Amino acid sequence: MKRSVRLLSLLAVALLLLGACTSAEEPTDSGSEGLEEAVEEESPPSGSVEEPSEAVSEPAADTGDDTSSTGDNLVDVAAENPQLSQLVQALEAAGLTSALEDAGPLTVFAPNNEAFASLDQSDLTELLTDPQQLGDILRYHVVEGAVPSSDMEDGQTLTTLEGGDLTVSVDGSTISVDGAEVVQPDIQAGNGVIHVISGVIRPPSS
């Protein structure tokens, strides 16, 4: 009997201890929230990235300044050449400057100042006072069309504005027309070409 009472007392104590353990407050995991961090990648809002703008080049303004040119006319080119000052004076005296300025293309066999100086002064004075005869002689130095020296051949004839024919002689690199040597060939002008010659040539009729 005493043994049974003792066993019951031990059982009651065990039940009390078990109840105390189960009713004990469970520890809260208060620090776990601070250990977990949500990492969010910050992405830029849509459309916020500016694309580099391309520089648009403006077309160059048209100033209207056209540097291309057909060149000066035959009289202007002759006037710029110090070897041809006497020829220019003769053209003015004969009234042929306008014709050589506007016509073309033409080839002018242009006597230099030495060629005019080699003339007898009385003949030169007579020519300068006779525009008609002077004009005929000067037209005898002009051929229609632009004839470069590279196109000239020995024995070739060229019809002049005066109506007569010039005879070309080619000896190696030396070119002559009616005996007057070409000393400076192929001076280009806007309406033709000039070949400077060493003599004044006369038509057969003069």
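Rule-based calculations on the coordinates, nothing more; no lab input. Given the structure is predicted, the values throughout are model-derived calculations rather than measurements. Heads up, the Cβs are rebuilt from the backbone with ideal geometry, glycines too, and the neighbour counts pull from every protein chain shown.
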Roughly how many nanometres apart are two label points built 7 Å out from the Cα toward the Cβ at ASP151 and ASP76? 2.3
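Sort ILE197, ILE137 so the one with the fewest other Cβ atoms within 10 Å of its own Cβ comes first.
On the way: ILE197 25, ILE137 19.
The order, fewest Cβ neighbours first, is ILE137, ILE197.
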Please order LEU138, LEU119, LEU96 by the number of other Cβ within 10 Å, starting at the fewest. LEU119, LEU96, LEU138
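Extension gain LEU119-SER198, at 0.36 nm per residue separation less the Cα-Cα distance, in nm?
On the way: separation 79, 0.36 × 79 = 28.44 nm, distance 1.16 nm.
My answer for the length gained is 27.3 nm.
Enumerate by residue number the GluC sites (Glu not before Pro) in region 116-189 meeting two conditions: DSSP loop (anything except H, G, I, E, B), and at most 16 other Cβ atoms within 10 Å of the site's Cβ.
Working: sites: GLU126, GLU144, GLU153, GLU162, GLU181; in loops: GLU153, GLU162.
For GluC sites (Glu not before Pro) across region 116-189 that sit outside H, G, I, E and B with at most 16 neighbouring Cβ atoms in 10 Å, the list reads GLU153.
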